[in-house]
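Read the structure below first, then the notes.
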Amino acid sequence: MATSLDSNNNLVTLDAAKRFLGQSTANSSHDSRIRDQIDQVSHLFNSLTGRLLKKRTLTEYYDGEGGRTLLLRQYPIRSTSTGITVHVVSERTNYATDTDFSTAARVSSSDVDVRAKAGLVRIKGTSFWRGTANVKVVYEAGYDTTGASTGSERMPLDLEGAVLETIMYRWERQKQHRLGIQSISHDDGSATFSDFEMPLSAARVVNAYRSRENGYG
């Protein structure tokens, strides 16, 4: 059982999950099991949405296609035009290191336009020249899941609620020894349980946050 949360991916805090489960934050007797549920559900949401939902810094490489617009793999973008770094070279000569992406290959911040919610970057004065892995982007994207932020960086309430609801759903199923069970037969009939990974209301929220394809426009 987990002694600490997967800090790269946890979508809610331990205290938030305990409060949602109706447990005292001072009672640590079930902390390891709750951490396991937080980690499992957080990875499930990443997998089902095709995104890395928690805010982090990313270094990504793209094949240039000749245009001036690029959809990044993760969003919303948290870096401003001065915080994001975009490098473009006409041709890679060394794929083992980043030596091709020198300071001279960096697009000036004044020529970078960031559309945060859409995860879109536009450049002017040059283009994303056609090539293989010849575009490098370093940026920050995702949601703040610590609860400390109250602005646009904070994880949306519907998404946070879906995570907590799924944790409770799996917690209750585990308590009733129903994980992985399709049906149980009793003397007076058959009680059937649906073996879903999450409640339907949470699944609807997940669908709303599924990734769109990255690429050029």
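The values are calculated or read from the model by the stated rules, or taken from the named source; none is laboratory data. The model shown is predicted, which means the values in this text are computed figures rather than measured ones. Reconstructed Cβ throughout: ideal geometry from the backbone, glycine too, with neighbour counts over all protein chains shown.
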Which members of region 115-140 meet the condition of being aliphatic (A, V, I, L, M) and either in the same structural domain as A162 (by TED's automatic domain parsing) or surrounded by fewer than 22 Cβ atoms within 10 Å (Cβ to Cβ) (or both)? A116, A118, L120, I123, A133, V138
Determine, yes or no, whether L21 is of a type in the set (A, V, I, L, M) and within 16 Å of the chain's Cα centre (by Cα). no
Consider N94 against the criteria (1) modelled with pLDDT under 95; (2) at positive phi: it satisfies all of them except one. Which criterion is unmet? (2)
Pull out all pairs, ordered by first then second residue, where Cβ-Cβ is under 8 Å, the residues are six or more apart or on different chains, the first lies in region 115-134 and is within 15 Å of R212 (Cβ to Cβ) and in contact (Cβ under 8 Å) with a residue 24 or more places away in the chain, and the second is charged (D, E, K, R) and not in a loop (DSSP other than H, G, I, E, B). R115/R122; V121/D113; V121/R115
Can you tell me which of R92, R73, R56 is over 30 Å from T146 (Cβ atoms) and either in contact (Cβ under 8 Å) with a residue 40 or more places away in the chain or among the β-branched types (V, I, T) (or both)? R92
